[in-house]
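Only one structure is covered here, and it is reproduced in the block below.
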Amino acid sequence: MSEHGISNLSREDRVFEPPAELAAQANVTADVYDRAAQDRLGFWADAARRLTWGTDFDEVLDWSSPPFAQWFVGGKLNVAYNCVDRHVEAGHGDKVAIHFVGEPGDTRDLTYAELKDEVSKAANAIEELGVESGDRIAIYMPMIPEAVIAMLASARVGAVHTVVFGGFSSDALASRVEDCEAKLVITADGGYRRGKPSSLKPAVDEALAKLGDASPVENVLVVRRTGEDVPWNGDVDVWWHEVVDESSTDHRFTEFDSEHPLFVMYTSGTTGKPKGILHTSAGYLTQAAYTFWATFDHKDDDVYWCTADVGWITGHSYITYGPTANGATQVLYEGTPDTPHKGRWWEIIADKKVSLFYTAPTAIRTCMKWGEQIPAEHDLSSLRVLGTVGESINPEAYVWYRENIGGGSAPIVDTWWQTETGAHMITPLPGVTAAKPGSAMTAFPGVTAEVVDDAGTPVGNGEGGYLVITEPWPSMLRTIWGDDDRYVETYWSRFKAQGYYFAGDGAKKDDDGAIWLLGRVDDVMNVSGHRLSTTEIESALVSHPKVAEAAVVGAADETTGQAVCAFVILRESAGDGGEDVVAELRNHVGKEIGPIAKPRQVMVVPELPKTRSGKIMRRLLRDVAENREVGDATTLADSSVVDLITAGMSGAKADED
Ligand code: PRX
């Protein structure tokens, strides 16, 4: 084991070369790295000029008062014009922008010309409701085209949107509306979830009631999706079909400064209330658009599908903005992967001939659990590039994804980035990189990532430390909404002397210098003075044939400082576990990583507590492991999971050895 406790993270030694045919026609080739390294700002200026500007910029980057960046200074553009109108003007009005697939099976195709009309009407309608440039709009929607239309309409009029995930509670909505003082809320009566209508509008009413007289909201614009009855407040509520559908398709827009605020996306910090991450116009769009084109090798005839919700940063950069800025055709799906059956995703891919597919490792592991016979029933031969995001992908899931979804040949791009970074930062390029399963590989051209030790000194190959970004990048967050001090403190104080952005993730450079992400630093454990990665132990557990999913936390331990506690979901074929399987799994981890990594406890559980975006809430597991009362579970997708775990875990404890 190395000094950092990171040994042989991958149990998959194969390296997957880019397919020759793809490499021969790839949008970007290996020389792009040199070009960007030699002239980083020139490289980003070229990427920015793929957009259409009203006024050209005269300075690429103003970094005179770090960490407050200004990109493409002096330039003006309209984000929505870049995502929509310019494709129509270029003669692509008949190209499908969105293949919408509703959960109940309804479908709707929107061409770029139709999208332009819809966005223009919505822009006119929201201006009519009194929204002006700089005002905030909260968007609380199911995954329907109007969610994307609302975001683009907001951008078109220069308003600042904050999309609140439709699965969040009215409390979460209220706190976000309050924090950014949203003047307008755009919502729907509801959406479809697991075969049934699921209401949304009542949660908006609750949020507004909670805010009471202090509510900044003047109107609620409501899309009719399910047709269910909704409570109505005639002073505030307005139907989308009454005002938007009646508005003109002719909307005259303004061009805004490069640094005009585009959106605020709330994300949880380590402590305290969610942080409103602010992104601005030109730099954000430049990097979202360029990375979409390069990382997925997007070509005009591709059909792209990202399974994220627009309520998360992935849905912003890689549904609403990146693909449309490139004039892409994409699938927008309302529902879950198992409604009405577990082959729904693969059926959609076959039906729409999806060629670029972007999802999360947790989804892949769920599909693994259901078995490879399910995707095998569908024709997935249209797929040519697969992506993942959100956490490291364990090598077993990677290989399963490649073999069973990618036909054994489609390259996988494991994209590391954050709400804060706005766009891809570390990723393979599908026509360039020989990819190692489990590694995000290399910083994107024009991005300067490093792995440093406690003192901020870059570590050598084969060593681990903290992931930092050493130079500003176009789609970086500009601040935390209303809290510049917290912005400086959270991201720029850890390596203040060096001026590095602290990502909060641990990482390792392998012997070839490839980057392996090791989870949040707060999830890196220290057991008897050895640093252990939760990711590494989870990966070891999941490599066991009986394990479907695993989560590992470091729990306080009198003797060793921290101890490894594992929560596992067994595969259906493994039966219900029992003492034998616990011993077997502990030994397996011991064998895979080293005795120090053997979990003190392995708890066989029916579910893991996940946020609605699919992230495992390790904080809650730590509470369970440390026999504490379980803390705030309001962001859990299903709060009964914690009860299930607490009730089901006793008896599965391993004896200390
Ligand atoms: O820990 C990293 C992990 O997700 C964090 C960012 O979360 P969020 O802001 O919600 O954005 C998720 C979607 C971009 C990071 O600090 N993360 C994201 N992608 C990866 C990852 N960890 C490892 N590998 C990835 N590809």
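Derivation of every value follows stated rules applied to the coordinates shown; laboratory data play no part. Computed from a prediction, not measured in an experiment: that's the story for all the values here. Using ideal geometry, Cβ is built from the backbone for each residue, glycine included, and neighbour counts are taken over all protein chains shown.
Taking 0.36 nm per intervening residue step and subtracting the Cα-Cα distance, what contour gain separates residue 46 from residue 463 on full extension?
Contour length minus Cα-Cα distance gives 146.7 nm.
For residue 519, what residues show an amide H to amide H distance below 5 Å, using hydrogens built from the backbone and excluding near sequence neighbours?
Under 5 Å from the amide H of residue 519: 506.
Restrict the search to the stretch 19-58; then list the trypsin sites (Lys or Arg not before Pro) that DSSP places in a loop and that have at most 15 other Cβ atoms within 10 Å of their Cβ.
When the trypsin sites (Lys or Arg not before Pro) of the stretch 19-58 are filtered for loop state and at most 15 Cβ neighbours within 10 Å, 49, 50 remain.
Determine the gain in length on full extension of the stretch residue 39-residue 369; use 0.36 nm per residue of separation and subtract their C-alpha separation, reporting nm with one decimal.
Once the chain is fully extended between residue 39 and residue 369, it gains 114.2 nm.
Going by how many other beta carbons lie within 10 Å of each one, how would you line up 92, 260, 241, fewest first?
By the 10 Å Cβ count, ascending, the order reads 241, 92, 260.
How far, in nm, would the chain grow between residue 198 and residue 213 when pulled straight, counting 0.36 nm per residue and subtracting the alpha carbon separation?
Numbers: separation 15, 0.36 × 15 = 5.40 nm, distance 2.81 nm.
Additional length available on full extension: 2.6 nm.
Go ahead and run the numbers for FRET between residue 347 and residue 13, Cβ-Cβ distance against an R0 of 35 Å, rounding to 0.05.
Given R0 = 35 Å and the Cβ-Cβ separation, E is 0.55.
Which of the lysines could a cross-linker bridge to residue 436, judged by Cα under 21 Å and excluding same-chain residues fewer than eight apart?
Within reach: 508, 509.
Taking a cut-off of 19 Å between Cα atoms, list the lysines near residue 352, but don't count ones fewer than 8 places away on the same chain.
The qualifying lysines are 95, 299, 342.
Once you charge only the Cβ atoms, +1 for Lys and Arg and -1 for Asp and Glu, what is the size of the charge dipole of the chain about its Cα centre, to the nearest 20 debye?
760
Considering all alpha-carbon pairs of the chain, what whole percent are spaced by more than 33 angstrom? Numbers along the way, then the final one.
Details: 98230 of 215496 pairs.
So the pairs more than 33 Å apart make up 46 percent of the total in the chain.
Could you run the Karplus curve 6.51 cos²θ - 1.76 cosθ + 1.60 with θ = phi - 60° over the stretch 310-319 and give me ³J(HN,Hα) per residue in whole Hz, x for Gly and Pro?
Once θ is set to phi - 60°, the couplings for the stretch 310-319 become 5, x, 10, 4, 4, x, 5, 6, 10, 10 Hz.
With runs of 4+ DSSP H residues as the only contributors, calculate the mean residue ellipticity of the chain at 222 nm using -39,500 (n - 2.57) per run, divided by the residue total and rounded to the nearest 500. All intermediate terms of the calculation are to be shown ahead of the outcome.
Working: 19 runs with 175 residues, N = 657.
Calculated from helices alone, the mean residue ellipticity at 222 nm is -7500 deg cm²/dmol.
Which value in Å is the Kirkwood Rh of the stretch 185-341 over different Cα pairs?
Details: mean 1/r = 0.0538 Å⁻¹.
One over the average 1/r among Cα pairs gives 18.6 Å for the stretch 185-341.
Could you tell me how far the Cα centroid of the stretch 335-406 sits from the Cα centroid of the stretch 69-94, in Å?
Rounded to whole Å, the Cα centres lie 33 Å apart.
Where the eigenvalues come from the Cα gyration tensor of the stretch 51-203, what are the semi-axes √(5λ) of the equivalent ellipsoid, largest first, in whole Å?
Largest first, the stretch 51-203 gives 29, 23, 14 Å.
In what order do 613, 381 fall by count of nearby beta-carbon atoms within 10 Å, going from fewest to most?
On the way: 613 20, 381 13.
Listed from fewest to most nearby Cβ atoms, that is 381, 613.
Give me the net charge for the shell around residue 416: Cβ to Cβ below 11 angstrom, other residues only, Lys and Arg +1, Asp and Glu -1.
Every neighbour counted, the sum reads -3.
For residue 98, list long-range residues whose amide hydrogen, built 1.01 Å from N in the peptide plane, is under 5 Å from its own amide hydrogen.
Result for residue 98 returns 110, 330.
Could you tell me what percent of the DSSP beta bridges with both partners in the chain are antiparallel, to the nearest 5?
60
Residue 454 versus residue 169, label points 7 Å from Cα toward the beta carbon: distance in nm?
Output for this residue pair reads 3.9 nm.
Tell me the net charge near residue 361. Cut-off is 9 Å between Cβ atoms, residue 361 excluded, with +1 for each Lys or Arg and -1 for each Asp or Glu.
Taking every Cβ under 9 Å from that of residue 361, the sum is -1.
Taking 8 Å as the Cα distance limit and 6 or more residues as the minimum spacing, I'd like the relative contact order of the stretch 112-252 as a percentage.
Once divided by the residue count of the stretch 112-252, the mean separation gives 29 percent.
As a quick test, which of the pairs 369/610; 121/196; 369/546 have an alpha carbon distance above 20 angstrom in this structure? Don't skip to the end; give the middle numbers.
On the way: 369/610 17 Å; 121/196 30 Å; 369/546 10 Å.
Checking Cα-Cα distances, 121/196 exceed 20 Å.
Taking other Cβ within 10 Å of each residue's Cβ, how do 425, 368 sort, fewest first?
The most exposed by this proxy come first: 368, 425.
Taking the Cα centre of the stretch 112-252 as the origin and placing charges on Cβ (Lys, Arg +1; Asp, Glu -1), which of 239, 164, 182 is farthest toward the positive end of the dipole?
Checking the options against the dipole of the stretch 112-252, the answer is 164.
How far apart, in nm, are two points set 7 Å out from the Cα along the Cα-to-Cβ line at residue 63 and at residue 376?
For the pair residue 63/residue 376, the computed spacing is 5.2 nm.
Give the span of the stretch 59-138's Cα atoms along each principal axis, as three whole-Å numbers ordered largest to smallest.
Extents along the principal axes, in whole Å: 52, 32, 26.
By the scheme Lys and Arg +1, Asp and Glu -1, what is the net charge of all other residues having a beta-carbon under 13 Å from that of residue 376?
-4
Please report Rg (one decimal) and Dmax (integer) in Å for the Cα set of the stretch 156-258.
14.7, 44
Along Cα→Cβ, 7 Å out, is where each label goes; now give me the distance between the ones at residue 572 and residue 626 in nm to one decimal.
For the pair residue 572/residue 626, the computed spacing is 3.8 nm.
Mind giving me the FRET efficiency for residue 496 and residue 252? R0 is 41 Å, r the Cβ-Cβ distance, nearest 0.05 is fine.
Numbers: r = 46 Å, r/R0 = 1.12.
For R0 = 41 Å, the calculated efficiency reads 0.35.
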